[in-house]
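First comes the structure, then the notes that go with it.
The values are calculated or read from the model by the stated rules, or taken from the named source; none is laboratory data. Here the structure is a predicted model, which is why all the values come from computation and not from measurement. Here the Cβ positions follow ideal geometry from the backbone for every residue, glycine too, while neighbour counts run over all protein chains shown. Areas reflect the complete protein model, heavy atoms only, side chains present, ligands, DNA and RNA absent. Shrake-Rupley method; radii C 1.70, N 1.55, O 1.52, S 1.80 Å.
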Amino acid sequence: MKKALIIGAAGFVGGYLTRHLRDGCGMEVHVTKLPAEELRERNGNVYNLDILNKEDIVSLLYEIRPDYIFHLAAQSSVGVAWRNPSLTIDINIKGSVNVMDAARELYYKPRILLIGSGEEYGQIRADEIPLKEENRIRPGNLYAATKACQNMIGRIYAQAYDMEVMMVRAFNHIGPAQSSIFVVSDFCRQAAEIERGLRKPVMYVGNLSARRDFTDVRDVVQAYSLLMEFGEPGETYNVGRGSSVSIKEALELILSMCGREVKVETDRNKLRPVDIPVIEADISKIRELTGWSPQIPLEQTIRETLDYWREQLAEQI
């Protein structure tokens, strides 16, 4: 039985990936979290780990001896990155280097998947859409810059140290249980609160014209497991839907499912210093390698995310 280690399993993707690897792939799954974090998906093989402490990573890898290492631990909010650049740099760059360095000390070669972001492409020209992996990257925010750096370092480790490191550029993934610091979940939470009369019927929004490539998190984790098995060391793979919708279109879907009439107002606090107009993936590389393509429609994902927030509010009463 293959052993998988998920570093940073307390985040949004971690629970879904744990369940997929354990129940869908039949793997022995080990997961890490910070001491103060709670796991949404319970698993018996849980370890507290701070990726800024390399020696702790080394000890854990020797204890578990995983075949696969999914490196999910990150500071993944663009907004938080603007407010706290040094924390984002430490976690996303130094933490990733610590994971690869720790794996390099092992007497065998585990396969490692580094999770990056479609935001790495940055200031995109209209003629570059959809984005291919070999497209020039021009990071437009601090979070994207750290992920682009992680990608470059991962490729160097694969080539210089003959390590089995693969990189992903994941585009916007959404679904039930995502934090409301992310736009679709934020809108769904606001809609659920309006339905229950917990706030006035006004939806506060940021930039609605930006277009994003939204993929259901359950499709995303399937892509990760396939890339871990079939990905080529040193290579980068886009993971997304392969088409984009505007934030306004996503909002209109949510409002159409809301049981109340809602007014929309702009909240300046939700506007970013820099916002990329269009981000859309070309997913032909992963599709040709693994046969993967997203299966869950955007409307279903949004409805289930809205239902999640409805259930959360019902439990609080």
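Tally the DSSP beta bridges in region 92-190 and give the antiparallel ones as a percent, rounded to 5.
Around 0 percent antiparallel, to the nearest 5.
Please work out which option in (1) 32, 22, 18; (2) 41, 22, 17; (3) 28, 25, 21 gives semi-axes √(5λ) of the Cα gyration tensor in Å calculated from these coordinates, and answer with its label.
(1)
Taking H placed 1.01 Å from N in the peptide plane, check which residues at least 5 places from LEU131 or on another chain put their amide H under 5 Å from its amide H.
GLU280, ALA281, ASP282
Got a number for carbon plus sulfur as a percent of the chain's accessible area, 1.4 Å probe? Write down the numbers at each step before the final one.
Numbers: 6680 of 13970 Å².
Answer for the chain is 48 percent, counting heavy atoms of protein chains only.
Which lysines, on any chain, are close to LYS132 with Cα under 21 Å apart, when same-chain ones fewer than 8 places away are left out?
Correct list for LYS132: LYS147, LYS285.
Only helical DSSP H runs with n ≥ 4 go in: add -39500 (n - 2.57) per run for the chain, normalise by residue count and round the 222 nm mean residue ellipticity to 500 deg cm²/dmol. Don't jump to the answer; show the numbers that get you there.
Details: 11 runs with 123 residues, N = 317.
When only DSSP H runs of four or more count, the value is -12000 deg cm²/dmol.
Within region 120-224, list the GluC sites (Glu not before Pro) lying in a DSSP loop whose Cβ has at most 10 other Cβ atoms in a 10 Å radius. Don't jump to the answer; show the numbers that get you there.
Details: sites: GLU120, GLU128, GLU133, GLU134, GLU164, GLU193, GLU195; in loops: GLU133, GLU134.
Of the GluC sites (Glu not before Pro), the ones in loops of region 120-224 whose Cβ has at most 10 other Cβ atoms within 10 Å are GLU134.
Pulled fully out, how much extra length does the chain show between LEU208 and GLN123, if you take 0.36 nm times their separation in residues and subtract their Cα-Cα distance?
Working: separation 85, 0.36 × 85 = 30.60 nm, distance 1.79 nm.
So the chain would gain 28.8 nm between LEU208 and GLN123.
Could you sort 282-290, 27-35 so that the peptide with the highest average Cβ count within 10 Å comes first and the rest follow in order? Walk me through the numbers before you get to the answer.
Values: 282-290: 17.1, 27-35: 19.9.
Order by mean packing, descending: 27-35, 282-290.
Taking only protein heavy atoms and a 1.4 Å probe, what accessible area per residue, in Å², does region 5-89 have with all protein chains in place? Write down the numbers at each step before the final one.
Numbers: 3750 Å² over 85 residues.
Result: 44 Å² per residue.
Taking the highest mean first, how do the peptides 298-310, 98-110, 180-192 order by number of other beta carbon atoms within 10 angstrom per residue?
Details: 298-310: 19.1, 98-110: 16.5, 180-192: 21.5.
In descending order of packing, they fall as 180-192, 298-310, 98-110.
Could you report region 101-232's accessible area per residue, 1.4 Å probe, as an integer in Å²?
Details: 4940 Å² over 132 residues.
Normalised by residue count, the accessible surface of region 101-232 is 37 Å².
Once you sort the root eigenvalues of the Cα gyration tensor of region 1-116 as a ≥ b ≥ c, which label holds: rounded (a/c under 1.5), prolate (a/b larger than b/c) or oblate (the other case)?
Values: a/c = 1.86, a/b = 1.25, b/c = 1.48.
Oblate, because a/c is 1.5 or more while a/b does not exceed b/c.
Pull out the extension gain between GLN300 and LYS109, defined as 0.36 nm times the separation in residues minus the alpha carbon to alpha carbon distance; nm, one decimal. Mind dumping the intermediate values first?
Working: separation 191, 0.36 × 191 = 68.76 nm, distance 3.95 nm.
Difference between extended and current length: 64.8 nm.
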